[in-house]
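Okay, so here's the structure we're looking at.
Just so it is clear, none of the values below were taken in a lab; they were calculated from the coordinates. From a predicted model like this one, the values you see are computed outputs, not experimental measurements. Cβ placement follows ideal geometry from the backbone for every residue including glycine, while neighbour counts extend to all protein chains displayed.
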Amino acid sequence: MQARSSQWGRAFQFAGSRRWVAAMNEKRGASSGMKVERHSAIRDLVSSSLINSQDELRRKLRRRGFAVTQATLSRDLHEMHLFKGPGGYGLPNGNGSAAAVAEEDDDSPPGVAEVLETFGLRSRQAMNQVVIGTVMGGAQPVAAALDYEEWPEVVGTIAGDDTVLLICPDIRLAAEVQAKIRKMLA
């Protein structure tokens with residue numbers, strides 16, 4: 001009797017599994033149409049407006065009636081071969097807000113002014129040193145940009161999480177660096 005019971009159980013599980021698979025395939029078909037519409041909306045948004053982050057794109061999609069998670073949006077961007085440049089997201093065929101920047105094909109890292117505009121908050125001179133305050137996690141990119149540009153007035157940089165320490169040979173040069181950075185932060 002035990003053997004029959006387990007056989008019926010397996011048959012039921014198998015039939016149930018078939019129903020579940022059929023339901024999932026039907027659901028995928030419906031969501032596939034939704035995916036095509038969502039991809040179309042993403043193409044439209046990217047080609048018509050500047051979009052700098054996935055969160056911004058997600059909010060714009062929500063206004064158009066597409067409630068998506070960050071994971072889904074990330075998958076969509078990957079499937080559509082969208083890229084993100086300094087000018088925002090762009091389409092692979094050159095349409096979109098980032099297209100003009102992408103055509104330049106500039107592989108050099110961003111300059112100090114650009115990095116400070118993004119991450120910098122304040123700066124202060126202390127003797128022959130200049131301390132730059134950044135957003136959390138912004139110190140490394142700022143220090144890397146300064147190191148890459150090799151400012152002659154800067155002997156070296158040390159970066160923490162939200163603070164960069166620039167060391168200058170003397171107080172006069174530190175004042176020049178401080179003025180330069182303040183101008184970029186303004």
Calculate the FRET efficiency for Lys180 and Arg62 from the Cβ-Cβ distance with a Förster distance of 41 Å, rounded to the nearest 0.05. 0.45
So, R0 is 22 Å and r is the distance between the beta-carbons of Met34 and Phe83; what FRET efficiency does that work out to, to 0.05? 0.35
Quick one: Cα centre-to-centre distance for the stretch 127-186 and the stretch 62-85, in angstrom? 37
When the Karplus curve 6.51 cos²θ - 1.76 cosθ + 1.60 is applied with θ = phi - 60°, which whole-Hz ³J(HN,Hα) does each residue of the stretch 68-82 get, with x for Gly and Pro? 10, 7, 5, 5, 5, 5, 4, 5, 4, 4, 5, 4, 7, 6, 6
With θ taken as phi - 60° and the coefficients 6.51, -1.76 and 1.60, list the Karplus ³J(HN,Hα) couplings across the stretch 152-162 in order, rounded to whole Hz; mark glycine and proline as x. x, 7, 10, 7, x, 10, 10, 10, x, 8, 10
Residue by residue through the stretch 38-55, the couplings from Karplus 6.51 cos²θ - 1.76 cosθ + 1.60 with θ = phi - 60°, in Hz, x for Gly and Pro, are 5, 4, 5, 5, 5, 4, 4, 5, 5, 7, 10, 8, 6, 10, 9, 8, 5, 5
What does the charge dipole of the stretch 104-172 about its Cα centre add up to, to the nearest 20 debye, if the Cβ of each Lys and Arg holds +1 and the Cβ of each Asp and Glu holds -1? 620
Using label points projected 7 Å from each Cα along Cα→Cβ, tell me how many nm separate Glu149 and Ala71, to one decimal. 4.1
Extended-chain gain in nm, criterion 0.36 nm per residue less alpha-carbon gap, Leu50 and Glu114: 21.3 nm
